[in-house]
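So the structure is just underneath, and the comments pick up after that.
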Amino acid sequence: MTTRLGRSLCFLPMQLLLVGLGPLGIKLAADVYERGLGSIEAAVDVSPKLLGRSLLDLVPTSKSPLRVTGDLEAAGARGLDAAVVATSSSLVSCAPTLCTLLGRGMCVVSTCEELFWPWLRHAELARELDDLAKRCGGRLLGTGVNPGFVMDAFCLGLTAVSRAVDSIEVHRYQDATTRRIPFQKKIGVSLEEAQFQAQVAAGSLRHVGLGESLHFLASHLGWPVEHWEEDIAPVYASRDLPSGLGMVPTGKICGVRQSARGRVGGRTRIELKFQASLGLEDPHDRTIVRGEPELDVRIQNGVHGDVATSAITLNAIRALQKAPPGLHSMASIPMVHCAKAHA
C-alpha cells in the first residue's frame, strides 16, 4: 500500500535482540511472532532457569530453535534492526546493558520505567546515555503503558486541541486480578501491613513512574515545577479474592493506592491518581484537561497493562528508527502507531 506521496506504508519484518525473558519478555516475544512483526534473532537472560532453553520451549508460536544465552557480548548486533530490553524498572540496573547496545549503534526500546523521563532522578546518567548514543549512532527510548502513554503521552497529545491549559488530572484505576504475577507482587498483594511498609521504605514496593509522568507533562507544557510530592497507601480486601499468588483473605492487602502532585505558580496544576488492586470495581482510565476547551476523556475498563505495554514497546521501534541518534522521550519521536510487517 502506498500513500498519495508514494511512500510505502508496508514494513519489512524486523530482526530483534530481546534482553529479558520474564513474563513481560515472553509476552513481547510471543507478540512479535503472533503479530507478524518479524523474528527474535538473539535472546539474553541471566536467570539459570532460562539459560540454554530454546525460544520454541518458551514461546511455542515462535517455532524457533534459538537458545537463550546469558552473554550479551556474544549475542551480537550484526544485521539486527533493534533491541528490546525488558529487565528492570531501575535505570541504574539497566545502564550496563543499555551502554553495551548503544555502543554498537543499536536502536533500543526499553520498558524501564525510570528511563521514560530519566532527567528526573538520573540526570547525569541520562546525559551520558545521550552522549554515547549520539557518538555511536544509537537511539534509546523508554516507554510502556504507564509511564509511556496513559498518564503522560496520551494526556499531552490531548492538549493539541487546547488554546490554554490551566491544570491536568489523570486517574488510572486497574483491576489487578488479570495482571502478571510480578506486577501483583510489586503492588503488595497478600502482604501484611508491616511487610508492606517495610517494602515501601526499601523502595521495592511502589508503582514506578508517577514522578516521571508528572515531570514529562510539566516540561512539555512549559511549567516549572516548584514542588512535587508522592504518597502511597495499601488497599485492603473487602472479601476473599483470587490472585496469581493464591487466595487473598478479607482484610489482607490486595493492592496499592498512589498519587503525585506538582505545584506550579503556587498551586497544584498536575495531579496523578493511581490504584491497582484485586477486584477493583469500575476500573477505568480518565484524563481531565482543564482549560480552553475543557476535556474529560474516560476509557471504560481501562487499558490492560500487560497487553498495552507489549504493544507500545514493539510499535515504538519504527518511530524510534526514524528519529536522530540520541536519548529520546515519547514526545521527541514521530507518532507511535500500530502497524503490521509485510514480507
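The values are calculated or read from the model by the stated rules, or taken from the named source; none is laboratory data. The shown structure was predicted, so the numbers you read here are calculated from the model rather than taken from an experiment. Positions of Cβ are generated from backbone atoms using ideal geometry, with glycine treated the same way; all protein chains shown enter the neighbour counts.
Worth a mention:
- From the options LEU125, LEU37, LEU80, LEU101, residue that is surrounded by 14 or more Cβ atoms within 10 Å (Cβ to Cβ) and more than 16 Å from GLN15 (Cα to Cα): LEU125
- Qualifying residue in segment 58-67 (condition: in the same structural domain as VAL32 (by TED's automatic domain parsing), closer than 19 Å to ALA316 by Cα, among the β-branched types (Val, Ile, Thr) and in a loop (DSSP other than H, G, I, E, B)): no
- Residue match in segment 182-199 (condition: surrounded by 21 or more Cβ atoms within 10 Å (Cβ to Cβ), farther than 26 Å from ALA316 by Cβ and either assigned by TED's automatic domain parsing to the domain that holds ILE317 or under 23 Å from the mean Cα position of the chain (by Cα) (or both)): yes
- So LEU320, is it crowded, with 18+ Cβ neighbours inside 10 Å and in contact with a Lys or Arg (Cβ under 7 Å, 6 or more places away or on another chain): yes
- Search result, residues across segment 260-312 that are farther than 20 Å from HIS215 by Cβ, aliphatic (A, V, I, L, M) and part of a strand (DSSP E or B): ALA276, LEU295, VAL297, ILE299
- When ALA176 is tested against (1) surrounded by fewer than 23 Cβ atoms within 10 Å (Cβ to Cβ); (2) over 30 Å from GLN321 (Cα atoms); (3) of a type outside the set (Lys, Arg), only condition (1) is not met.
- Answer from ILE40, ILE26 - the residue that is assigned by TED's automatic domain parsing to the domain that holds ALA316, touching a Phe, Trp or Tyr at 6+ places or on another chain (Cβ under 9 Å), aliphatic (A, V, I, L, M) and not in a loop (DSSP other than H, G, I, E, B): ILE40
- Cross-chain or 6+ apart pairs with Cβ under 6 Å, segment 257-284 first and aromatic (Phe, Trp, Tyr), then modelled with pLDDT of 95 or more: PHE274/ARG172; PHE274/GLN258
- Residue within segment 152-169 that is surrounded by fewer than 19 Cβ atoms within 10 Å (Cβ to Cβ), farther than 26 Å from HIS337 by Cβ and touching a helix residue (DSSP H, G or I) at 6+ places or on another chain (Cβ under 8 Å) present: no
Condition check ((1) assigned by TED's automatic domain parsing to the domain that holds THR111; (2) modelled with pLDDT of 95 or more; (3) within 18 Å of PRO118 (Cα to Cα)) across all residues:
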site: ALA201; (1), (2), (3): no, no, no
site: VAL208; (1), (2), (3): no, no, yes
site: HIS220; (1), (2), (3): no, yes, yes
site: GLU230; (1), (2), (3): no, yes, yes
site: PRO234; (1), (2), (3): no, yes, no
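- Restricted to strands (runs of 3 or more DSSP E) entirely inside segment 72-187, those with at least 2 residues that are within 29 Å of HIS284 (Cβ to Cβ) are 107-110, 139-142, 164-175.
- Qualifying residue in segment 110-122 (condition: polar (S, T, N, Q), crowded, with 24+ Cβ neighbours inside 10 Å and either in contact with a strand residue (DSSP E or B) (Cβ under 9 Å, 6 or more places away or on another chain) or more than 21 Å from VAL307 (Cβ to Cβ) (or both)): yes
- The sole residue among VAL256, VAL235, VAL208, VAL225 that is β-branched (Val, Ile, Thr), touching a Gly at 6+ places or on another chain (Cβ under 8 Å) and either in a loop (DSSP other than H, G, I, E, B) or surrounded by fewer than 19 Cβ atoms within 10 Å (Cβ to Cβ) (or both) is VAL225.
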